[in-house]
Amino acid sequence: MNADFEAMRVSQGALPIIDVSGLRSPDPAERRAVGRALRATCADKGFFYIRNHGVDPALQARVFDAARRFFHRPLEEKKRVEMALSPANRGYEPLRGQTLEAGAPPDLKESYYVGEGRGADDPKVRAGKFNHGPNQWPDGVDDFRPAIEAYYRAMSELSELIMRGLALSLDLDEHYFDDFCMDPQAIVRLLHYPPQPANPAPNEKGCGAHTDFGGITLLLQDDNPGLQVWNQARGTWIHADPVPGTYVVNLGDMIARWTNDRYRSTLHRVVNISGKERYSIPFFYSGNPDHQVRCLPGCLAEGEQPKYPPVTVEEHLMEMYRRTYA
Ligand SMILES: O=C(O)CCC(=O)C(=O)O
Ligand SMILES: [Fe+2]
């Protein structure tokens, strides 16, 4: 099985690396230039690397370090903060806790979910909003909470920047998505993949093939390869191997919906054939739960109909969780 996965290897060069520093420029022409670069890649696979993103490498290292120390703890301890105990789906998800690819065996990964922490008196928690509530924090894992909270803030800021770039890429006002970005739902997810076993069950993988549910995903990888992105045109998997100093960014299903599929939410999976423990940290930016996702201006040709009915972010996310958590 592992040999098959390896045989499908094609070069990682198929995914572009975009320098996003221009989005912070005071010069509108520089910001628009990044928008143009984004447009091409979003309409192709919706999967690309970004560099000069501005997130402090020391902060990234702190989060990886905290993740490693947490996942190394005994299972009984990790289970004290199990996601099953959280009405907001926060905390620890054991190995094989999710099946991202329908029909495949459960995923060979364990994970930890952190979002915006909200107390019982928060109006959105009182209103019963999906996935709103407090985080869970493990005892005795040094720097776990401070590192992840600081990272959450940095990634929220970067996500807002990328959303402004996406607005420009669609010839919309740079602030078109500001309402979507107000009081947003987002998740820092720590992931740990053990090495792919020598004799895996048929089709067993770190992450089954899936598209991401939400708006945008910004993925931080350690040094170990494993992420593969479907190349529809060739019928092969592109290996999105780690590139130092970058994030892999991919567009989720909501952006495909918004753009009537002009922008792509592409199938991807993880097969950890590195032989080592692999850690990764996706940041899922889903936006304001009450925001209506409907076909954007400029994404319909004359006579073309929207393929998807309008849906709120919250409705969309609920449906996607339902599909992957039995
Ligand atoms: O770990 C990775 O490289 C990708 C993870 C992923 O696709 C996901 O969590 O949605
Ligand atoms: Fe994903």
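Looking for something free of Cβ contacts under 8 Å to residues at least 40 places away in the same chain and either within 28 Å of Pro244 (Cα to Cα) or surrounded by fewer than 22 Cβ atoms within 10 Å (Cβ to Cβ) (or both) - is there at least one such residue anywhere in the stretch 208-229?
Taking every residue of the stretch 208-229 in turn, at least one turns out to be free of Cβ contacts under 8 Å to residues at least 40 places away in the same chain and either within 28 Å of Pro244 (Cα to Cα) or surrounded by fewer than 22 Cβ atoms within 10 Å (Cβ to Cβ) (or both).
(1) surrounded by 20 or more Cβ atoms within 10 Å (Cβ to Cβ); (2) at pLDDT below 95; (3) part of a helix (DSSP H, G or I): which one isn't true of Ala3, the others all being true?
Among (1) surrounded by 20 or more Cβ atoms within 10 Å (Cβ to Cβ); (2) at pLDDT below 95; (3) part of a helix (DSSP H, G or I), Ala3 violates only (1).
Within the stretch 32-68, which residues are assigned to a helix (DSSP H, G or I) and in contact with an Asp or Glu (Cβ under 7 Å, 6 or more places away or on another chain)?
Arg62, Phe64, Ala66
Evaluate the stretch 95-112: report whether one residue or more is small (Gly, Ala, Ser), more than 20 Å from Gly208 (Cβ to Cβ), assigned to a loop (DSSP other than H, G, I, E, B) and at pLDDT below 95.
No, the stretch 95-112 contains no residue that is small (Gly, Ala, Ser), more than 20 Å from Gly208 (Cβ to Cβ), assigned to a loop (DSSP other than H, G, I, E, B) and at pLDDT below 95.
Under 6 Å by Cβ, and 6 or more places apart or on different chains, what pairs join a residue from the stretch 300-326 that is touching a residue at least 24 places away in the same chain (Cβ under 8 Å) with one that is among the β-branched types (Val, Ile, Thr)?
Once the first residue is touching a residue at least 24 places away in the same chain (Cβ under 8 Å) and sits in the stretch 300-326, its partners that are among the β-branched types (Val, Ile, Thr) give Val311/Val293.
Tell me which residues, restricted to the stretch 209-246, are out of contact with any Ser or Thr (no Cβ under 8 Å at 6 or more places or on another chain), within 11 Å of ligand 1 (Cβ to nearest atom) and not small (Gly, Ala, Ser).
Thr217, Gln228, Asp241, Pro242
In the stretch 242-257, what residues are over 15 Å from Val229 (Cβ atoms) and surrounded by 24 or more Cβ atoms within 10 Å (Cβ to Cβ)?
Residues satisfying the conditions are Met254, Ile255.
Give me the residue from the stretch 183-201 that is small (Gly, Ala, Ser) and modelled with pLDDT under 95 and, out of that set, farthest from Pro94 (Cα to Cα).
Restricting to residues being small (Gly, Ala, Ser) and modelled with pLDDT under 95, the top hit is Ala198.
Is it the case, given these coordinates, that Leu108 is closer than 18 Å to Ser280 by Cβ and within 16 Å of ligand 2 (Cβ to nearest atom)?
yes
So which residues in the stretch 261-280 are among the hydrophobic types (A, V, I, L, M, F, W, C) and surrounded by fewer than 23 Cβ atoms within 10 Å (Cβ to Cβ)?
If the condition is that a residue be among the hydrophobic types (A, V, I, L, M, F, W, C) and surrounded by fewer than 23 Cβ atoms within 10 Å (Cβ to Cβ), then Leu267, Ile273 are the ones that fit.
Looking at the stretch 264-297 only, could you name the residues that are assigned to a strand (DSSP E or B), more than 16 Å from ligand 2 (Cβ to nearest atom) and in contact with a helix residue (DSSP H, G or I) (Cβ under 6 Å, 6 or more places away or on another chain)?
Result: Gly287, Val293.
Can you go through Ser274, Ser265 and tell me which one is within 17 Å of Ala209 (Cβ to Cβ) and either among the small types (Gly, Ala, Ser) or over 14 Å from the mean Cα position of the chain (by Cα) (or both)?
Criteria check complete, one pass: Ser265.
Being more than 15 Å from ligand 2 (Cβ to nearest atom), assigned to a loop (DSSP other than H, G, I, E, B), among the aliphatic types (A, V, I, L, M) and touching a helix residue (DSSP H, G or I) at 6+ places or on another chain (Cβ under 9 Å), is that true of even one residue in the stretch 168-181?
So far as the stretch 168-181 goes, yes, one or more of its residues are more than 15 Å from ligand 2 (Cβ to nearest atom), assigned to a loop (DSSP other than H, G, I, E, B), among the aliphatic types (A, V, I, L, M) and touching a helix residue (DSSP H, G or I) at 6+ places or on another chain (Cβ under 9 Å).
Are there any pairs with C-beta distances below 7 angstrom linking a residue in the stretch 178-195 that is of a type in the set (Val, Ile, Thr) to a residue that is within 11 Å of ligand 1 (Cβ to nearest atom) and in a strand (DSSP E or B), with the two at least 6 apart or on different chains, and if so which?
From the stretch 178-195, the pairs are Ile187/Tyr113; Ile187/Phe284; Val188/Ile281; Val188/Phe283.
So, of the residues in the stretch 158-177 that are in contact (Cβ under 8 Å) with a residue 24 or more places away in the chain and of a type in the set (D, E, K, R), which turns out to be surrounded by the most Cβ atoms within 10 Å (Cβ to Cβ)?
Selected residue: Arg164.
For the stretch 96-119, what are the residues that are charged (D, E, K, R), in contact (Cβ under 8 Å) with a residue 40 or more places away in the chain and over 20 Å from His72 (Cα atoms)?
Glu101, Glu116
Exactly one condition in (1) more than 19 Å from Ala167 (Cβ to Cβ); (2) more than 14 Å from ligand 2 (Cβ to nearest atom); (3) outside any loop (DSSP other than H, G, I, E, B); (4) not aromatic (Phe, Trp, Tyr) is not met by Met320; state its number.
In the conditions (1) more than 19 Å from Ala167 (Cβ to Cβ); (2) more than 14 Å from ligand 2 (Cβ to nearest atom); (3) outside any loop (DSSP other than H, G, I, E, B); (4) not aromatic (Phe, Trp, Tyr), Met320 misses (2) alone.
Only one of these conditions is not met by Asp212: (1) in a loop (DSSP other than H, G, I, E, B); (2) over 30 Å from Arg24 (Cβ atoms); (3) within 16 Å of ligand 2 (Cβ to nearest atom); (4) not aromatic (Phe, Trp, Tyr). Which number is it?
Unmet condition: (2).
The values are calculated or read from the model by the stated rules, or taken from the named source; none is laboratory data. Keep in mind that what you see is a predicted model, and the values were worked out from it rather than measured. Every residue, glycine as well, gets a Cβ built from its backbone with ideal geometry; the counts of neighbours run over all protein chains shown.
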